[in-house]
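Comments concern the structure below.
The values are calculated or read from the model by the stated rules, or taken from the named source; none is laboratory data. These numbers come from a predicted model, not from an experiment. Ideal geometry is used to build each Cβ from the backbone, glycine not excepted, and the neighbour counts take in all protein chains shown. Just so you know, the surface numbers come from the protein's heavy atoms only, side chains and all, with ligands and any DNA or RNA stripped out. Shrake-Rupley method; radii C 1.70, N 1.55, O 1.52, S 1.80 Å.
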Amino acid sequence: MADPSSYRPKPGQIPDSPGVYKFRDEHGRVIYVGKAKSLRQRLANYFQDLAGLHPRTRTMVTTAASVEWTVVSTEVEALQLEYSWIKEFDPRFNVKYRDDKSYPYLAVTLGEEFPRVQVMRGAKKKGVRYFGPYAHAWAIRETVDLLLRVFPVRTCSAGVFKRSAQIGRPCLLGYIGKCSAPCVGRVSPEEHRELAEEFCDFMAGRTGAHLRRLERGMQEAAEEMEYERAARLRDDIGALRRAMEKSAVVLADATDADLIALAEDELEAAVQIFHVRGGRVRGQRGWVTDKVEAVTTGDLVEHALQQLYGEEQGDAVPKEVLVPALPEPVEPVAQWLTQRRGSQVSLRIPQRGDKKDLMATVERNAQQALALHKTRRASDLTTRSRALEEIAQALDLDTVPLRIECFDISHLQGEDVVASMVVFEDGLARKSEYRRFQIKGFAGQDDVRSMHEVIGRRFRRYLQEKQKSGEWTEEPTEGVDGAAAAGVAAATGPAAVADPAVDSDVDSTDPTDRLTDEDGRPKRFAYPPQLVVVDGGAPQVAAARRAMDELGIDDVAVCGLAKRLEEVWLPGEDDPVVLPRSSEGLYLLQRVRDEAHRFAITYQRSKRGKRLKSSPLDAVPGLGETRRQALLKHFGSLKKLRAATVEEICQVPGVGRKTAETVAAALATAAPSAPAVNTATGEIIEDDGAPPAALSAERGQDR
């Protein structure tokens, strides 16, 4: 625990101007980001008598080891920079609203030649118009199913669309009248786009014109005694009205607004948002957060606004935002929203009428969401706490293992040997810190040796980071034995740089291969676990313990979980620890082990798939995918291409004599692949157009 006075800036160093500040811990990780109209006044509040601080603020300032700030010109810039830094550094003491799910949207891909209606989740894309979010995807599909009979817009994927165009026949929706079938030319691109725009107009709330047009058409058809057409239009009107009933009118003046309500207690807060467009509720979403900092209701509203509109532009930000309390000060937030929209945005508290009544409904939803979350969270926290305590007691640990790392080795008959590292914190998976390894120290199948290599590489990285941060020195000091110092030197000296197993230990394709860097950004393997779990028995545990002993790591516990009887093995013990089958601790260890196995198998299969899909043609310089496909299509298989002469290869369109000679030479030097086997009958398959190993390899058993 740090003393805030040890890193308090000197008097006069802090400017009296708007800005954003960051608190860092002893490892350089950003743990809190805040903004201020006056940096001097705001930061002075943190460096007062600890007894006068809020308990959460006191925890933050005693965890921190330094503070720094950036001066900006306006409070709006401070708001924008604060949001960017919270997104970038993910500080542990900041309020962060987290969705418990990915909300689905109804999307119309207006950027395509033939716009498509579909359900979309995740980040928004350019050229796509979104409606929602909705609580359930089935609600979107029901609405779309009703509207397609009136606005028969394309809903099929690109593959189905292309296939229908090739065979000249539409899909089932085209036959039953729920698609205008632009794939076979029933409508022109302009006519289909007009249908898509009418669909968007209806979803945006402009429903009256469409209903009146259909009603006129129905009356005209009845007057002309075209009763079948009149009946069809009648059914279309009924479908539109049923779709409208799914989003009842809540504001009679066709208002576009977002209503935000909060329910909170001392520890947590729930936020609910109703998206009202054209006077109708078009979407709903909500979050729950831990109150890890001392915040007011206005602060929570400000964080919710940042979460909602930080990535939005234009019409995605409504003209009116109704909230239960205004941020203090409100002017920078309102100005920021106006900039995001491009026109004036009203941020206010509803005082009377329909909007106040609707806000009460949103508040009830927030209260119910918080009550439901507490019911789930209480059970979940109790179970996870009991599981961690049982593990600590069974393994005789000094403290409960808040961070557990599990390692597993995967291969297929000794090929494509890989390893996985999964991380559980507080009993929950932390997928952003999963890691993948390729075994590089040797070839062949040896799980024990592989485990030794992976554990060594992981903790050498940890020692490197300690060396960079100055927590370890290369010379042995009091309290650090010779083995530990040697481990640091081995991890950080010149030999480590030359060792490919150390310098390139993690698969370079993994985008999450970092934890935190000097400026608080993620970097590699910076956090040590309290417990290392390996998938295996006594030999694997001994190998892991030996790897850590060689590096002088003696403050991390090790255990292994054997699959056969779910026994827990400890280093140097002749007998395993047997946890009861009903033990929550055993269940948590099983989940950790199974997740490591899943992650390793997934990586191993992806590497195997890439290897099996490779072909001798891939290594031919200057031969692209198009000409490779042309060669295989012309000859029918790689075997026949290998037997062809240079003159025969030259007959393929786009292949000149020089390229043909290069292809023939490459196939002549490449070793022929083993014959493919039909796994159902056992017979040899002569045609080797596809890599035959892909057929026989599946007969092997994944490890």
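Mind scanning Lys22/Lys291; Lys37/Lys356; Lys291/Lys319; Lys124/Lys607; Lys125/Lys162 and naming the pairs with a C-alpha gap bigger than 28 Å?
Lys37/Lys356; Lys291/Lys319; Lys124/Lys607
At a Förster distance of 25 Å, what's the computed FRET efficiency of Met225 paired with Glu190, Cβ-Cβ distance as r, to 0.05? Walk me through the intermediate numbers first.
On the way: r = 32 Å, r/R0 = 1.30.
The computed FRET efficiency comes out at 0.15.
If packing is taken as the average count of other Cβ atoms within 10 Å, what order do 38-48, 537-547 fall into, highest mean first?
So the peptides 38-48, 537-547, ranked by packing, come out 537-547, 38-48.
Quick one: work out Rg over Rh on the C-alpha atoms of the stretch 286-359, Rh as Kirkwood radius.
On the way: Rg = 12.7 Å, Rh = 13.1 Å.
Result: Rg/Rh = 0.97.
Among Ser6, Leu39, Phe23, whose Cα projects farthest towards the positive end of the dipole of the stretch 1-44, with charges put on the beta-carbon of Lys, Arg (+1) and Asp, Glu (-1)?
Leu39
7 Å from Cα along Cα→Cβ at both Ile167 and Ser637: what's the point-to-point distance in nm?
Distance between the two pseudo-spin positions: 2.8 nm.
Would you mind checking which residues have amide H under 5 Å from Val534's amide H? H placed 1.01 Å from N; only 5 or more apart, or other chain.
Those qualifying (amide H under 5 Å, at least 5 residues apart or on another chain) are Phe407, Cys559, Gly560, Leu561.
Leaving out ligands, DNA and RNA but keeping every protein chain, what accessible area does Met218 have, in Å² rounded to the nearest 10, with a 1.4 Å probe?
50 Å²
Working from the pairwise distances between different alpha carbons, so that the mean of 1/r is found and then inverted, what is the stretch 529-606's Kirkwood radius in Å?
13.2 Å
Roughly what would the spin-label model give for Gln13 and Tyr175, points 7 Å off Cα along C-beta, in nm?
Calculated label separation equals 7.7 nm.
Can you compute 3J(HN,Hα) from phi for each residue in the stretch 118-127, using the Karplus curve 6.51 cos²θ - 1.76 cosθ + 1.60 with θ = phi - 60°, rounded to whole Hz and x for Gly and Pro?
After applying 6.51 cos²θ - 1.76 cosθ + 1.60, I find 7, 8, 10, 10, x, 5, 7, 10, 6, x Hz.
By how many nm would the segment from Ser38 to His54 grow when fully extended, if each residue of separation counts as 0.36 nm and the alpha-carbon distance is taken off?
3.7 nm
With +1 on each Lys and Arg Cβ and -1 on each Asp and Glu Cβ, how big is the dipole of the stretch 300-397 about its Cα centre, in debye rounded to the nearest 20?
For the stretch 300-397, the charge dipole is close to 360 debye.
At what distance in nm do the modelled label points of Ser343 and Arg232 sit from each other, each positioned 7 Å from its Cα along Cα→Cβ?
With each label point 7 Å from Cα toward Cβ, the separation is 3.8 nm.
Starting from the amide H of Thr255, placed 1.01 Å from N in the peptide plane, find each other amide H under 5 Å away whose residue is 5 or more places distant or on another chain.
Result for Thr255 returns Gly279.
Could you pull out which residues in the stretch 277-297 have an amide N less than 14 Å from a spot 7 Å beyond the Cα of Asp380, following the Cα-Cβ vector?
Within reach of a label on Asp380, which here means backbone N under 14 Å from a point 7 Å along Cα→Cβ, the stretch 277-297 contributes 287-290.
Which trypsin sites (Lys or Arg not before Pro) does the stretch 306-370 hold that lie in a coil by DSSP with at most 15 other beta carbons within 10 Å?
Answer in residue order: Lys319, Arg352.
Rounded to whole Hz and in sequence order, give me ³J(HN,Hα) for the stretch 549-557 from the Karplus expression 6.51 cos²θ - 1.76 cosθ + 1.60, θ = phi - 60°, writing x for Gly and Pro.
Whole-Hz 3J(HN,Hα) from phi for the stretch 549-557: 4, 5, 9, x, 8, 10, 10, 10, 6.
Residue by residue, what Karplus-based ³J(HN,Hα) values in Hz, rounded to whole numbers, does the stretch 21-30 have, using 6.51, -1.76 and 1.60 with θ = phi - 60° and x for Gly and Pro?
For the stretch 21-30, the Karplus curve yields 10, 10, 9, 10, 8, 5, 8, x, 6, 6 Hz.
Around Gln41, under 13 Å between beta carbons, what's the net of Lys plus Arg minus Asp minus Glu among the other residues?
Local net charge: +3.
Roughly how many Å² of Trp138 are accessible to a 1.4 Å probe, to the nearest 10?
140 Å²
Roughly speaking, to the nearest percent, how much of the stretch 345-463's 1.4 Å accessible area is carbon and sulfur?
The value for the stretch 345-463 is 45 percent carbon and sulfur by accessible area.
Past the 17 angstrom mark, what percentage of all C-alpha to C-alpha distances in the stretch 550-592 do you count?
Within the stretch 550-592, distances greater than 17 Å cover 37 percent of Cα pairs.
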